[in-house]
Amino acid sequence: MKYIPEPFRIKTVEPIKMTTPADRRKAIEEAGYNTFLLKSDDVYIDLLTDSGTSAMSDAQWAALQMGDEAYAGSKNFYDLEKTIQDIYGYKHIVPTHQGRAAEHILSQYLIKKGDHVPGNMYFTTTRLHQELAGGKFVDVIVGEAHDTTSTHPFKGNVDMAKMQRLVDEVGADKIPYVSYETCVNMAGGQPISIANIRELRKFCDKHDIKIMLDNTRTVENAYFIQTREDGYANKSIKEIVKEICSYTDGCTCSSKKDCLVNIGGFLAMNDEDFFIEAKAQVVIYEGLHTYGGMSGRDMAALAQGIRESVDDDYIKYRVEQTNYLGERLTEAGVPHVIPHGGHAIFLDAKRFLPHIDQDQFPAQVLAAEIYTETGVRAMERGNVSAGRDPETGKNRHPALELVRLTIPRRVYTQSHMDYTAEGIARLYEKRDQIKGLKFIFEPKQLRFFQARFKPLEPVAVPTS
Ligand SMILES: *Cc1c(COP(=O)(O)O)cnc(C)c1O
């Protein structure tokens, strides 16, 4: 097993607190068995999310000093606009404070009540904005995406037969666009292939349906295309990223992921009318169209981050570090989603804890017990995240009941990965002693962020 050495050296360090298992049991109880409610100070290695957790480069920190904080027409906006046009190839851009703000504007503009929005698996905020705009999300991802043991190289792909079926059922005029995500987050960071997006483009042209890209992890996806798809081994990441975007009509992007900054997002499109309307909307919800929800310095760091993100050596190290953690868990026999995704390793809680019913939240309790055992913070991606069906009010019971170990970019080293894998392997050995949970507080929307739980039986997992 190979660890690709970091293509950077460390210039600034941030000390982290070491805690004991007893400290951590107390902390997780206080957090209602929800790792979102832990204090960062009580966490040793934070694999909750790769969102906004990247380490910035010296060039990005320098860019922060170059912020032009003019209310209108900041030079950082024009640099960001040019960078996005250059790297992703879209004509127009509207900055927003995060990806979800771009999703809000996009959904309100394109979706009419009663519309259907097909997508290659849902993402929490994306689907919610589609529903709030009166649309119904329809999952059209390939079946392999729901099988944690399938080794399909492009489990993020859209199943064209499912697209055809939807068009036959509801009619193309009820489908404003396909919500197409690269390195599908909820499927385990699984990529799409160029062949798939080309086929989808042809289909959508025939039926006059748009393709809107969730561009949040396109760079990571490009690495999988470079290493897995015929004809792409000698293309640069930059070329592949541009090719992916070229098949789409626009995008939403959370720049807190691929783009190597701690905050920000944008909406981009080629259509003139959409651009005019998006600018009108952004001033209502975010700020003037030349800053959206960002300061000038945020936009400067973002433009620099986008340029750094498409460096071939960087992205190879980035995706291979994730793969290394996965390989170590494979060695220990810990069940997880394969092939390994780009930004995270997803433990399969149904196979890790087969004795816990899905309505007793196996992924939620697994994340809590990983924290108690190791000080590593992970995130539930299963029943709790999926929420309740708005029509029936019942838990959605997604096929995937996962715990996500998400790797921040350029933050942790090989020894942090080793420590994580060894701790989880230890917990796996005593998995029989882990018991299920029940709600003591359940929010209505995006419940996973603030829900609180308690164990169904007194906790008896000994920590080593
Ligand atoms: C994070 C994320 C979003 C939402 O972006 P925010 O910046 O958190 O608002 C949308 N889609 C995907 C795939 C994401 O990972």
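Hey, does the stretch 94-101 have a residue that's more than 16 Å from the ligand (Cβ to nearest atom) and surrounded by 14 or more Cβ atoms within 10 Å (Cβ to Cβ)? Step through it out loud before you land on a result.
Step one: of the stretch 94-101, the residues more than 16 Å from the ligand (Cβ to nearest atom) are none.
The answer is no; no qualifying residue exists.
I'd like to verify a number: residues in the stretch 267-286 that are among the small types (Gly, Ala, Ser) and touching a residue at least 24 places away in the same chain (Cβ under 8 Å), how many?
The qualifying residues number 2.
Where residues in the stretch 36-66 are among the charged types (D, E, K, R) and part of a helix (DSSP H, G or I), which of them is surrounded by the most Cβ atoms within 10 Å (Cβ to Cβ)?
Just the residues of the stretch 36-66 that are among the charged types (D, E, K, R), to begin with: 39, 41-42, 46, 50, 58.
Of the ones still in play, those that are also part of a helix (DSSP H, G or I) are 41-42, 58.
On the way: ASP41: 9, ASP42: 18, ASP58: 10.
Per the criteria, the residue is ASP42.
Just to be sure, is ALA451 closer than 20 Å to ARG377 by Cβ, touching a Leu at 6+ places or on another chain (Cβ under 7 Å) and either in the same structural domain as LEU37 (by TED's automatic domain parsing) or surrounded by 15 or more Cβ atoms within 10 Å (Cβ to Cβ) (or both)?
no
Kindly evaluate THR83 against the criterion of being part of a loop (DSSP other than H, G, I, E, B), out of contact with any Gly (no Cβ under 9 Å at 6 or more places or on another chain) and among the polar types (S, T, N, Q).
When the stated conditions are applied, THR83 does not pass them.
Would you tally the residues in the stretch 102-122 being away from the ligand (no atom under 15 Å from the Cβ) and modelled with pLDDT under 95?
So the answer is 0.
Any residue in the stretch 189-208 that is among the small types (Gly, Ala, Ser) sitting within a Cβ distance under 8 Å of a residue that is in a helix (DSSP H, G or I)? List the pairs, counting only those 6 or more apart or interchain.
Pairs found: GLY189/ARG217; GLY189/GLU220; GLY189/THR322; SER193/ILE225; SER193/ARG228.
Return yes or no: is GLY114 touching a Lys or Arg at 6+ places or on another chain (Cβ under 6 Å) and either surrounded by fewer than 18 Cβ atoms within 10 Å (Cβ to Cβ) or not assigned by TED's automatic domain parsing to the domain that holds ILE263 (or both)?
So GLY114 fails the test.
Tally the residues that are assigned to a loop (DSSP other than H, G, I, E, B) and of a type in the set (A, V, I, L, M, F, W, C), restricting the search to the stretch 5-35.
6
I'm trying to understand the selection: among the residues of the stretch 408-433, which are outside any helix (DSSP H, G or I) and closer than 14 Å to ILE370 by Cα? Spell out how you get there, then give the answer.
Within the stretch 408-433, the first condition is being outside any helix (DSSP H, G or I), and the residues that meet it are 408-413, 430.
Result: LYS430, single match.
Table: residues versus (1) outside the structural domain of ALA280 (by TED's automatic domain parsing); (2) of a type in the set (Asp, Glu); (3) surrounded by fewer than 24 Cβ atoms within 10 Å (Cβ to Cβ); (4) within 20 Å of SER51 (Cα to Cα).
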| residue | (1), (2), (3), (4) |
| --- | --- |
| TYR291 | no, no, no, no |
| ALA332 | yes, no, yes, no |
| VAL337 | yes, no, no, no |
| GLY342 | yes, no, no, yes |
| ASP357 | yes, yes, yes, no |
| PHE361 | yes, no, no, no |
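Filter the stretch 155-190 for residues that are surrounded by fewer than 16 Cβ atoms within 10 Å (Cβ to Cβ) and not small (Gly, Ala, Ser); which is farthest from the ligand (Cβ to nearest atom)?
Step by step, filter the stretch 155-190, then rank; the result is ASP168.
Only one of TYR371, TYR314 is buried (at least 24 other Cβ atoms within 10 Å of the Cβ) and either hydroxyl-bearing (Ser, Thr, Tyr) or under 21 Å from GLN226 (Cβ atoms) (or both). Can you tell me which?
Criteria check complete, one pass: TYR371.
Within the stretch 275-289, which residues are surrounded by fewer than 22 Cβ atoms within 10 Å (Cβ to Cβ) and out of contact with any helix residue (DSSP H, G or I) (no Cβ under 6 Å at 6 or more places or on another chain)?
PHE275, ILE276, LYS279, ALA280, VAL283, ILE284, TYR285, GLY287, LEU288 - these are the residues of the stretch 275-289 that are surrounded by fewer than 22 Cβ atoms within 10 Å (Cβ to Cβ) and out of contact with any helix residue (DSSP H, G or I) (no Cβ under 6 Å at 6 or more places or on another chain).
Of everything in the stretch 140-179, what is touching a strand residue (DSSP E or B) at 6+ places or on another chain (Cβ under 7 Å) and outside any loop (DSSP other than H, G, I, E, B)? Give them in sequence order.
ILE141, ALA145, VAL158, MET163, LEU166, VAL170, LYS174, TYR177, VAL178, SER179
Collect the residues in the stretch 246-268 that are surrounded by fewer than 24 Cβ atoms within 10 Å (Cβ to Cβ) and either more than 11 Å from the ligand (Cβ to nearest atom) or of a type in the set (A, V, I, L, M) (or both), keeping them in residue-number order.
SER246, TYR247, ASP249, ILE263, listed by residue number.
I need the full set of residues from the stretch 391-411 which are of a type in the set (Gly, Ala, Ser) and at positive phi, in order please.
Going through the stretch 391-411, the residues of a type in the set (Gly, Ala, Ser) turn out to be 393, 399.
GLY393, the sole residue that qualifies.
Which residue pairs have Cβ atoms closer than 8 Å, lie 6 or more positions apart in sequence or on different chains, and pair a first residue in the stretch 123-151 that is within 15 Å of the ligand (Cβ to nearest atom) with a second residue that is part of a loop (DSSP other than H, G, I, E, B) and of a type in the set (A, V, I, L, M, F, W, C)?
So the pair list comes out as THR124/LEU446; THR125/LEU446; LEU128/LEU446; GLN130/ILE111; ASP139/MET121; ILE141/MET121; ALA145/MET121.
With respect to LEU213, is the statement that it is within 15 Å of the ligand (Cβ to nearest atom), without any contact (Cβ under 8 Å) to a residue 40 or more places away in the chain and buried (at least 18 other Cβ atoms within 10 Å of the Cβ) true?
Considered against the rule, which asks whether it is within 15 Å of the ligand (Cβ to nearest atom), without any contact (Cβ under 8 Å) to a residue 40 or more places away in the chain and buried (at least 18 other Cβ atoms within 10 Å of the Cβ), LEU213 comes out as yes.
The values are calculated or read from the model by the stated rules, or taken from the named source; none is laboratory data. All values derive from a computational prediction rather than experimental measurement. All Cβ positions, glycine included, derive from the backbone under ideal geometry; neighbour counts span all protein chains shown.
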